[in-house]
Amino acid sequence: MPLHKGPEQPDKRSATVNPFYGEANPVSGMTEAPPQHRLPDGPLPPSTAYQLVHDELMLDGNSRLNLATFVTTWMEPQAGVLMAECSDKNMIDKDEYPRTAELERRCVAMLADLWNAPDPSAAVGCSTTGSSEACMLAGMALKRRWAKRNADRYPGARPNLVMGVNVQVCWDKFCNFWEVEPRLVPMEGDRFHLDPQAAAELCDENTIGVVGILGSTFDGSYEPIAELCAALDELQSRTGLDIPVHVDGASGAMVAPFLDEDLVWDFRLPRVSSINTSGHKYGLVYPGVGWALWRSAAELPEELVFRVNYLGGDMPTFALNFSRPGAQVVAQYYTFLRLGREGYRAVQQTTRDVAMGLAERVEALGDFRLLTRGDQLPVFAFTTAPDITAYDVFDVSRRMRERGWLLPAYTFPENREDLSVLRVVCRNGFSSDLAELFVEDLGSLLPELREQQHPLARDKGAATGFHH
């Protein structure tokens, strides 16, 4: 979560209370307005408190028009009802809420089967608050397994983790928090994600694992997990180093099983020891829920699992936090039950079709060059064409925001910092009709943008609208 601090000069203004916000007597509704940066002296009527918060939130962007986020922004009303019914259930209290715990167990079993675990009954896993926590847990397991194998050298030796420079920021956090050296494979030319051979060359006896991304947040492309495992197999045959792979399938692990069934990236590859996904991305559930699975109990060191009994029963837990609502887990089970394989296939195929169709329409405008086309994740990135000098992607992002569209513009990382792009994430609920409106709005801005003397964004760092 973002860190916040109090204002340097506290705002002494009070919130304005409309007379009709109060109860029956509109005059009494104006007698007291609450402060904004300290607790009010007394209570407000519920209708007044609701309206004050509701009105301020109207200034947030429209989540359905947010093309930056991968997170689900639409679910069926029935899912919302179930979530409301379970918002008071503490997911950690499995003895008090055994049926909620059972639904979590079923979801883990379904994912183990979906990801082709050799023995789904032997796979172990858990729900998390999202992929970031799931990645932290997977990284902890990798480090602990490496430490046990190298007990004679650790803690003297410094562990490292190999990954592409395009990884989500949670992996940078993991390396920072758990004192692991990040070894990053840079982007080169038109390769915007990890190169398998380059990753293998960065590995040594202190490598706890290699992270492969099934769906880069920068451009929506899949990393070649099978080729990565093959490169590490060859490394082992030459050096004896046995390096496990974790697949960060935050988005792709809920797309590829349905649309790319012939793509081998999951537990069918013996070197893949763990996989995570975000249930709240292409798992089609509101935030926040993620999932982490290990091939078997052997991949998850027992000493990382804590058992508590003061809630009424012996409960093994592996998590960075403790209390959290069971609503999202229940919603995940509802969605699995509601859609099944064919339903997920239909939803994800429709989303991919919208992404690919929209990418073609954007390219046809003539001012842009596509980096990806939405044929892997339903996500594509594009930049301005070489002959466009009057404006840049940051100008486009700013002007589209005027129309209500949240279209992220950002620069690529090291070795391709010269490249600035726009990215469109298509999700369930982003229909072909909305895509049509998007292209119309984008096209209508181009004549004005072409008349500029030069791009208006001076500080690209400040101009960026990109957030993972």
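The values are calculated or read from the model by the stated rules, or taken from the named source; none is laboratory data. Remember, predicted model here, so these are calculated numbers, not experimental data. We place every Cβ from the backbone using ideal geometry, glycine too, and count neighbours over all the protein chains shown. To get the accessible areas, we keep the full protein, side chains included, count just its heavy atoms, and leave off ligands, DNA and RNA. Shrake-Rupley method; radii C 1.70, N 1.55, O 1.52, S 1.80 Å.
Listed values, structure above:
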read-out	value
Enumeration of residues in the stretch 248-268 that are aliphatic (A, V, I, L, M), crowded, with 21+ Cβ neighbours inside 10 Å and in contact with a helix residue (DSSP H, G or I) (Cβ under 6 Å, 6 or more places away or on another chain)	Ala250, Val255
Residues (closer than 17 Å to Gly220 by Cα and open to solvent by 10 Å² or more (accessible area, probe 1.4 Å)) located in the stretch 407-416	Thr411, Pro413, Arg416
Residue match in the stretch 110-127 (condition: over 25 Å from Leu293 (Cα atoms) and open to solvent by less than 10 Å² (accessible area, probe 1.4 Å))	no
Selection within the stretch 440-456 - farther than 15 Å from Glu402 by Cβ and either touching a Gly at 6+ places or on another chain (Cβ under 6 Å) or buried (at least 17 other Cβ atoms within 10 Å of the Cβ) (or both)	Pro455
Filter result for Ser237 (small (Gly, Ala, Ser) and open to solvent by 10 Å² or more (accessible area, probe 1.4 Å))	yes
Residue under evaluation Ala68, criteria (1) touching a helix residue (DSSP H, G or I) at 6+ places or on another chain (Cβ under 8 Å); (2) touching a residue at least 60 places away in the same chain (Cβ under 8 Å); (3) small (Gly, Ala, Ser), criterion not met	(1)
Selection count where residues are open to solvent by 20 Å² or more (accessible area, probe 1.4 Å) and either touching a residue at least 40 places away in the same chain (Cβ under 8 Å) or farther than 22 Å from Asp190 by Cα (or both), scope the stretch 355-371	4
Members of the stretch 198-211 found to be free of Cβ contacts under 8 Å to residues at least 40 places away in the same chain and out of contact with any Leu (no Cβ under 9 Å at 6 or more places or on another chain), listed by number	Ala198
Filter result (over 30 Å from Pro34 (Cβ atoms), open to solvent by 70 Å² or more (accessible area, probe 1.4 Å) and part of a helix (DSSP H, G or I)) within the stretch 53-97	Arg64, Pro77, Gln78, Val81, Glu85
Residues of the stretch 227-253 satisfying the condition of being under 14 Å from Trp115 (Cβ atoms) and of a type in the set (A, V, I, L, M, F, W, C)	Val245, Val247, Ala250, Ala253
Test: residue in the stretch 148-155 that is within 22 Å of Arg295 (Cβ to Cβ), open to solvent by 10 Å² or more (accessible area, probe 1.4 Å) and free of Cβ contacts under 8 Å to residues at least 24 places away in the same chain	yes
Any chance Gly429 is out of contact with any Gly (no Cβ under 6 Å at 6 or more places or on another chain) and farther than 19 Å from Ala68 by Cα	no
Members of the stretch 233-271 that are in contact with a Gly (Cβ under 9 Å, 6 or more places away or on another chain) and among the charged types (D, E, K, R)	Asp248, Asp260, Asp266
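This table checks each residue for (1) basic (Lys, Arg); (2) surrounded by fewer than 21 Cβ atoms within 10 Å (Cβ to Cβ); (3) under 23 Å from the mean Cα position of the chain (by Cα); (4) within 16 Å of Phe192 (Cα to Cα).
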| residue | (1), (2), (3), (4) |
| --- | --- |
| Leu377 | no, no, yes, yes |
| Ala390 | no, yes, no, no |
| Ser397 | no, no, yes, no |
| Trp405 | no, no, yes, no |
| Asp418 | no, yes, no, yes |
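Yes/no per residue for (1) more than 19 Å from the chain's Cα centre (by Cα); (2) open to solvent by less than 50 Å² (accessible area, probe 1.4 Å):
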{"residue": "Ile243", "(1), (2)": "yes, yes"}
{"residue": "Ile275", "(1), (2)": "no, yes"}
{"residue": "Gly279", "(1), (2)": "no, yes"}
{"residue": "Pro287", "(1), (2)": "no, no"}
{"residue": "Ala297", "(1), (2)": "yes, no"}
{"residue": "Phe306", "(1), (2)": "yes, no"}
{"residue": "Phe322", "(1), (2)": "yes, no"}
{"residue": "Gly326", "(1), (2)": "yes, yes"}
